[in-house]
Amino acid sequence: MFTTVLMIEKPLVPTDVELVTTLHGDDPSSFVVLMQPHGDQDRLLRALDDVALGELDEAVHEGDEPAGNAALQPAERALNHSLEALRAAGSQAVGQIVEKRPLDLLRSVVEETNADEVIVLTRPHLVEEFFHRDWTSRARHQVGVPVLKLYAHTE
């Protein structure tokens, strides 16, 4: 059984599910999904990324995104949807919401589950990536397994 820790920031769409469940061919797979809700500290970076990607309407509406405790319920729904989609594709899947210190949690989950890899499934974060402050860059220095960055799809 191949075990993957999957870090996400939005619900998985069918294309994402197919991508992560077929990466290793027909080998059975198990996922531990870590869902990070949006936070207040990310709002400016998200807006800058939206502008850099030419998504001006998205940048204008970043302030409308729930943050803090208000972001937990949508994150729970997104996590449950993603777990159901992975299970429907034939994989084992468990998960949890990341409330604080995502990289510390990632490291402990990798160690506890003897994960084979980490996949960070995210939208482009040009500003963070440029300065190597994105999850993938930071995770590569903290976990002892390969870390793969994939870009999430939209419906």
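Some observations on this one:
- Evaluation of residue 43 against (1) open to solvent by 60 Å² or more (accessible area, probe 1.4 Å); (2) outside any loop (DSSP other than H, G, I, E, B); (3) at pLDDT 90 or above (one fails), failing number: (3)
The rows are residues; the columns are (1) of a type in the set (S, T, N, Q); (2) at pLDDT below 75.
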residue	(1), (2)
51	no, yes
59	no, yes
64	no, yes
89	no, no
96	yes, no
125	no, yes
141	no, no
146	no, no
151	no, no
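The values are calculated or read from the model by the stated rules, or taken from the named source; none is laboratory data. It should be emphasised that the depicted structure is a prediction, and the values quoted were computed from it without experimental measurement. Note: areas computed on protein heavy atoms with side chains; ligands, DNA, RNA excluded. Shrake-Rupley method; radii C 1.70, N 1.55, O 1.52, S 1.80 Å.
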